[in-house]
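What follows is one structure encoded as structure tokens, with my remarks underneath.
The values are calculated or read from the model by the stated rules, or taken from the named source; none is laboratory data. Predicted, not measured: the structure shown is a model, and the values here were computed from it. We place every Cβ from the backbone using ideal geometry, glycine too, and count neighbours over all the protein chains shown. All accessible areas refer to the heavy atoms of the entire protein, side chains included, with ligands and DNA or RNA removed. Shrake-Rupley method; radii C 1.70, N 1.55, O 1.52, S 1.80 Å.
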Amino acid sequence: MTLAAARAALAPRGVLRAAINLSNFLLVSDQTGATPRGISPSLCGALAQRLEVPLELVPYANPGLLADAATSDEWDVGLIGAEPARAATIAFTRPYAHLEATFLVRDGCPARRCDDVDAEGYSIAVSRRAAYALKLEASLASATLKQTAEPGL
């Protein structure tokens with residue numbers, strides 16, 4: 001693909017509007033300044049630089065809000081976890097990062113492996129509308145999923 005074609009596809013207005021999820025500290029590690037810093041903002045900056053266009057970060061408080069905005073022309077590219085439920089409105093590339101997730105259990109809990117927690121009597125807390133929540137909704141057979149009242153909390 002030529003630079004002109006990539007620019008037309010990814011930054012059709014002459015600026016790269018890049019959506020980032022502020023709720024994941026692994027991807028956005030510093031929000032104290034005027035511009036968020038971390039892996040996601042750095043990747044967006046590198047893409048804008050390669051496209052030779054200015055960068056406009058479009059921050060969202062959580063991944064659910066970022067996904068909701070996919071059909072409202074608020075951003076051109078977004079950094080969000082790939083998940084089948086979101087694929088109805090978002091076209092995903094190969095992953096730019098791989099984040100390992102596991103369960104945190106109380107001291108004395110007999111569960112030691114991920115498979116152990118999907119059992120009657122276990123409750124799993126998760127941030128509403130995060131990719132983790134979407135995955136657990138689709139895969140849990142026996143445990144109870146308890147989601148935060150607000151996404152990203």
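The C-alpha atoms of the range 77-134 occupy a region whose extents along the principal axes are 44, 20, 17 Å, arranged from largest to smallest. Between rounded, prolate and oblate, where does the range 37-112 land on the alpha carbon gyration tensor, with a ≥ b ≥ c its root eigenvalues, rounded for a/c under 1.5, else prolate if a/b exceeds b/c? Judged from the Cα gyration tensor, the range 37-112 comes out prolate (a/c at least 1.5, a/b above b/c). Put simply, the amide H of Val58, placed in the peptide plane, has neighbours under 5 Å in Ala18, Ala19, Ile20, leaving out anything fewer than 5 places away on its chain. P(r) for the range 106-153, from all Cα pairs and a bin width of 10 Å, is 26, 52, 22 %, short bins first.
Kirkwood hydrodynamic radius computed over the range 1-133 comes to 16.7 Å, based on all pairs of distinct alpha carbons. When the solvent-accessible area of the chain is split by element, carbon and sulfur atoms take up 55 percent of it, the probe being 1.4 Å.
Among Ala11, Ala19, Ala101, the largest mean-square fluctuation in a Gaussian network model of the chain (Cα springs under 10 Å) belongs to Ala101. Taking the chain as a Gaussian network of alpha-carbon nodes connected by springs under 10 Å, the highest mean-square fluctuation of the residues Asp68, Asp107, Asp76 belongs to Asp107. Solvent-accessible surface of the chain, averaged per residue with a 1.4 angstrom probe and all protein chains in place: 64 square angstrom. A protection proxy built from the mean count of other Cβ atoms within 10 Å ranks the segments 87-99, 38-50, 136-148, most packed first, as 38-50, 136-148, 87-99.
Just to verify a number: FRET efficiency for Ser42 and His98, C-beta to C-beta distance, R0 = 22 Å, to 0.05? Efficiency computed from Cβ-Cβ geometry: 0.85.
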